[in-house]
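One structure below.
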Amino acid sequence: MNLINYDQFKVAYLQKIAELLDQHGYSIRPVVIGEGLSLEKATLDLGDKICHCIDLQEIYSDYCKNARPMFSIVKDTLDCFREFGTIQREQVECIESVLACVTNFEKSKEILRGKGIPYLAVGDMAVYYRFDYELPFGGTMESIVTKDHLLKWKFSAEELFNIVRQCEAQKIGACAYDWVESLQPYDFGHIPVIARAEDIYNAPHELYGLNGAGAILYPEVLRQFEEAFHERVIIVPYSERKAAILPESRIQDKWVQRKIREYTEDTDARLLLSRQVYSYTEGKFYRFKGGIEQLQAVIDQKLESTMNDEKTLVGKKQSR
């Protein structure tokens, strides 16, 4: 079977869902939640009701790794829609279900503006909002927050941001995945844990949540890393799906530098979130001037300083 790229897969996948629905006499159609933004999800257009949604990137990855036939993937999708049932839209679209998400601003600005989706620009990222309603037995119902929702709640995009970002790590499914040194790219890490200080140690981690890399927007989540690291937290939001989180002191480790380069250089352009680098300390979020490039300059400077210190130490020993 010839593998196809993500966009081709998405078109073929949605077409096959529509065909099978037609064959069974249904007039409903598949739609993509947040199309052109981050974390695209497939679901069915049911009007006042919402059904389970499927992460398109996850099933595309499964397709690529296992070369599964499209019919098998679509059949499983329809089975999921049927198994988890539907919920009234008004039950899903409440402020308690809102998550702050991030997307690359340049990629998404026309979609955000054209579809009336409220957003905040943060550097080269855009913060927007999703409803995420998790069923106790595994189903997920989602939709996008629009300007009509803000008018109903009488909030601005910034006011909503200040409300929803107060959630704790467990509420947004924020998980930390620690790095361990390895010779093979992407072949490292342990079992993800909820991002809590007691389960994190002074090492580089990946962070992701139900809102992907949007987990970096939540102060309570970042505070867990600060408490565990006992130093300034460096944040590299290279992908819409996850971000690198590391103690400042670890950026001079060569294997850490290698991993940062691999992630920032090898991430698919479609998933690229930001070229900026941020830090978090004492409850405040800062942006590094110069972004990834400046971080590399800091790394090089620290390495040079370390090498000079080692040379000085060797010189002193030899003089004895």
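The values are calculated or read from the model by the stated rules, or taken from the named source; none is laboratory data. Being a predicted model, the structure only gives us computed values, none of them experimental. Neighbour counts run over all protein chains shown; Cβ positions are idealised from the backbone, glycine included. Note: accessible area is taken over every heavy atom of the protein model, side chains too, but ligands, DNA and RNA are not part of it. Shrake-Rupley method; radii C 1.70, N 1.55, O 1.52, S 1.80 Å.
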#### Entry: Rule-of-thumb Rg ratio for the range 36-111 [Cα; 2.2 N^0.38 Å; N residues]
1.31
### Query
At a probe radius of 1.4 Å, what is the per-residue accessible area of residue 241, in Å² to the nearest 10?
60 Å²
### Message
Connecting C-alpha atoms closer than 10 Å in a GNM of the chain, tell me which of 252, 57, 91 has the biggest fluctuation.
### Response
91
### Summary
Rg from C-alpha atoms of the chain, normalised by the globular rule of thumb 2.2 N^0.38 Å, equals 1.12
### Summary
Magnitude of the Cβ-charge dipole (Lys and Arg +1, Asp and Glu -1) of the range 1-94 about the Cα centre, nearest 20 debye, reported as 240 debye
### Task
About the Cα centre of the range 166-273, how large is the charge dipole given +1 on each Lys and Arg Cβ and -1 on each Asp and Glu Cβ? Please answer in debye to the nearest 20.
200 debye
### Largest-first principal axis extents of the Cα set of the range 225-276 (Å)
35, 22, 14
### Message
Distance between the C-alpha centers of the range 9-52 and the range 155-175? Whole Å please.
### Response
28 Å
### Message
As a test of reading the structure, rank 64, 175, 101 by solvent-accessible area (1.4 Å probe, protein chains only), most first.
### Response
64, 175, 101
### Query
Working from the pairwise distances between different alpha carbons, so that the mean of 1/r is found and then inverted, what is the range 1-146's Kirkwood radius in Å?
16.2 Å
#### Entry: log₁₀ of I(q)/I(0) at q = 0.19 Å⁻¹ - the range 1-87, Debye sum with one point per alpha carbon
-0.86
### Message
Could you check the spin-label model distance between residue 19 and residue 75? Points 7 Å from the Cα along Cα→Cβ, value in nm.
### Response
1.4 nm
### Query
What per residue convex hull volume, in Å³, comes out for the range 113-169 when only alpha-carbon positions are used?
122 Å³
### Message
Let me check I've understood the local charge: for residue 159, count other residues with C-beta under 14 angstrom from its C-beta, Lys and Arg +1, Asp and Glu -1. What total comes out?
### Response
+3
### Query
Going through the range 112-216, which GluC sites (Glu not before Pro) have at most 15 other Cβ atoms within 10 Å and a DSSP loop state?
168, 181
### Task
Taking the dipole about the Cα centre of the chain, with the C-beta of Lys and Arg at +1 and of Asp and Glu at -1, give me whichever of 126, 59, 91 is farthest to the positive side.
126
### Summary
Calculated from DSSP helices alone, with each H run of at least 4 adding -39500 (n - 2.57) and the total divided by the residues of the chain, [θ]222 nm to the nearest 500 comes to -12500 deg cm²/dmol
### Task
Starting from the residue with the highest accessible area, list 24, 230, 52 in decreasing order, probe 1.4 Å.
230, 24, 52
### Task
Springs between alpha-carbon atoms under 10 Å, Gaussian network over the chain: tell me which of 251, 28, 117 tops the mean-square fluctuations.
28
### Task
With springs connecting C-alpha atoms under 10 Å apart, model the chain as a Gaussian network and identify which of 129, 26, 278 has the largest mean-square fluctuation.
26
### Query
Are any of the pairs 115/284; 65/171; 10/109; 41/109; 115/242; 49/171 more than 27 Å apart by Cα-Cα distance, and if so, which?
115/284; 65/171
### Task
Using a/c under 1.5 as the rounded threshold, could you call the range 176-280 rounded, prolate or oblate? The axes a ≥ b ≥ c are square roots of the C-alpha gyration tensor eigenvalues, and prolate needs a/b larger than b/c, oblate otherwise.
rounded
